[in-house]
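J.: This is the structure, below, for whatever I ask next.
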Amino acid sequence: MINSTPAIPDCPGPIADTKTPRHVTPLNACDCHFHIFGPYDRFPLAQKRGYSPPAAPVARYQQLMHKLGLGRCVIVQPSVYASDNRATLEAARQLNAPHDCRIVVVIDDTTTRQELQAFQQAGVRGVRLNLVAGGGPSLDLVHNVADRIADFGWHLQIYAGSHIIAEAADKLARLSVDLVIDHFGALAPNDAVSTDADAIVRLLEGGHCWIKLSGGYICSASTAPWSDMTAIAQRLIRASPDRIVWGTNWPHPVRFSAMPNDGDIIDALHEWIDDPRIVERILSENPARLYGFE
C-alpha cells in the first residue's frame with residue numbers, strides 16, 4: 001500500500017476472484033473503461049491527487065479479460081497520474097495497442113502537437129476531463145481541448161455530475177468533436193425521469209454524444225445486479241442504441257463500500273437489457289466504431 005498523507009485516503013483493491021459470467025460474451029467484446037496503477041517504482045503517483053490506490057498491474061487485468069471473455073479494451077488515464085500518461089501508455093503497449101487496446105489520455109497546456117501525434121500512433125483515441133476528482137480541470141476547457149484534438153478524429157470524454165452536464169448541455173452540443181460521458185452521466189436511480197436525464201438524453205439524440213454504462217454500482221443504491229439502474233439504462237439505450245458502450249471501471253478506485261465483482265458487472269447488462277442483440281451491439285459493435293477497431 002502506498003503511504004499517503006492523512007488528507008489522501010488509501011483505496012482498497014479489487015476482488016481477486018472474478019466470477020465467470022452467466023451469459024456468453026460476444027466476439028470482440030470490449031471493456032471501454034479501466035485503469036492500470038503502477039508499478040510505482042517506475043510510475044509514481046502525482047503529489048496532488050484525490051486518493052492512493054494499491055498497484056493494479058497489467059497481468060491482473062489480463063486475467064480479468066480472460067475470465068470475462070473480453071477481446072478488446074480501452075484504458076483510461078486516471079486522475080492520480082494527472083497528465084503523466086506514461087503508466088497508461090506502457091500498460092496499453094503490453095495489452096497489444098493499438099491493435100487490441102485503445103487509449104484515453106489526459107493532456108494539459110504543456111502537451112505539444114508532436115506529443116499528440118505520438119499518442120495517435122500509440123493508439124490514443126480520446127482525451128479525458130475528470131471534473132469529479134480533486135484538483136481536476138474546469139468545464140471551461142472543453143472547447144479548447146476539443147479544438148486541439150479535432151484534427152486527429154478523437155473524442156472528448158468527461159466525468160462530471162449529472163447537474164453539471166445538464167447545465168453545460170448547450171455548450172457540449174456545440175463541440176467540434178464527439179462527446180463521451182462517463183459512468184451513466186452520474187445519474188442516480190431516482191434521476192431516470194429528471195431534468196438532468198432529459199438534458200443527457202437530448203445530447204445522445206443529437207448524434208455526436210456517447211455514454212458509458214460503466215460504474216453503475218457507483219450510482220446505485222442497491223447491490224448486484226443493481227436493478228435500480230434498469231430504468232436509467234433503458235432510457236439511455238432508447239435514446240441512442242448505437243452510441244452506448246460498457247466498461248468495468250476496474251480496479252474500482254475510490255470504492256470504500258462493498259467492492260463489486262466484475263462478473264456481476266457484465267451480467268448486469270443482461271438484467272438491464274432483455275434484447276441479446278442490443279447487448280452485442282453495446283459490447284462489440286459500438287466500441288469498434290467509437291474507438292476505430294478493425
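J.: Can you pull out every residue in segment 64-90 that is within 22 Å of residue 112 (Cα to Cα), touching a Pro at 6+ places or on another chain (Cβ under 9 Å) and small (Gly, Ala, Ser)?
T.: The answer is 79, 87.
J.: Here's a follow-up. Scan segment 262-280 and report the pairs whose first residue is assigned to a helix (DSSP H, G or I) and whose second residue is surrounded by fewer than 19 Cβ atoms within 10 Å (Cβ to Cβ) and hydrophobic (A, V, I, L, M, F, W, C), with Cβ atoms within less than 7 Å and a gap of 6+ or a chain change.
T.: Partner pairs satisfying both residue conditions: 264/224; 268/224.
J.: Residues of segment 177-214 being assigned to a loop (DSSP other than H, G, I, E, B) and either at pLDDT 95 or above or over 25 Å from residue 78 (Cα atoms) (or both), which ones?
T.: Restricting attention to segment 177-214, the residues satisfying the condition of being assigned to a loop (DSSP other than H, G, I, E, B) are 177-178, 182, 187-188, 192-194, 206-208, 214.
177, 178, 182, 187, 192, 193, 194, 206, 207, 208, 214 - these are the residues of segment 177-214 that are assigned to a loop (DSSP other than H, G, I, E, B) and either at pLDDT 95 or above or over 25 Å from residue 78 (Cα atoms) (or both).
J.: Same structure again: Can you tell me which residue among 46, 59 is within 18 Å of residue 132 (Cβ to Cβ), of a type in the set (A, V, I, L, M) and either over 18 Å from the mean Cα position of the chain (by Cα) or modelled with pLDDT under 95 (or both)?
T.: On inspection, the qualifying residue turns out to be 46.
J.: Turning to a different aspect of this structure: Only one of these is closer than 22 Å to residue 245 by Cβ, touching a Lys or Arg at 6+ places or on another chain (Cβ under 9 Å) and either touching a residue at least 40 places away in the same chain (Cβ under 8 Å) or surrounded by fewer than 16 Cβ atoms within 10 Å (Cβ to Cβ) (or both): 23, 33, 66. Name it. Give the derivation first.
T.: On the way: 23 fails: touching a Lys or Arg at 6+ places or on another chain (Cβ under 9 Å); 66 fails: touching a Lys or Arg at 6+ places or on another chain (Cβ under 9 Å).
Result: 33 is the single residue among 23, 33, 66 that is closer than 22 Å to residue 245 by Cβ, touching a Lys or Arg at 6+ places or on another chain (Cβ under 9 Å) and either touching a residue at least 40 places away in the same chain (Cβ under 8 Å) or surrounded by fewer than 16 Cβ atoms within 10 Å (Cβ to Cβ) (or both).
J.: A further question follows. Restricting the search to segment 143-201, which residues are acidic (Asp, Glu) and more than 21 Å from residue 217 (Cα to Cα)?
T.: Once the filter is applied, which keeps residues that are acidic (Asp, Glu) and more than 21 Å from residue 217 (Cα to Cα), segment 143-201 yields 147, 151, 167, 170, 178, 198.
J.: Among the residues of segment 38-63, write down those that are hydrophobic (A, V, I, L, M, F, W, C) and either surrounded by fewer than 16 Cβ atoms within 10 Å (Cβ to Cβ) or in contact with a Pro (Cβ under 9 Å, 6 or more places away or on another chain) (or both).
T.: Result: 45, 46, 55, 56, 59.
J.: Here is a further query. Scan segment 45-63 residue by residue and report those that are out of contact with any helix residue (DSSP H, G or I) (no Cβ under 9 Å at 6 or more places or on another chain), in contact (Cβ under 8 Å) with a residue 24 or more places away in the chain and part of a loop (DSSP other than H, G, I, E, B).
T.: Listed by number, the residues that qualify are 48, 54.
The values are calculated or read from the model by the stated rules, or taken from the named source; none is laboratory data. It should be emphasised that the depicted structure is a prediction, and the values quoted were computed from it without experimental measurement. Heads up, the Cβs are rebuilt from the backbone with ideal geometry, glycines too, and the neighbour counts pull from every protein chain shown.
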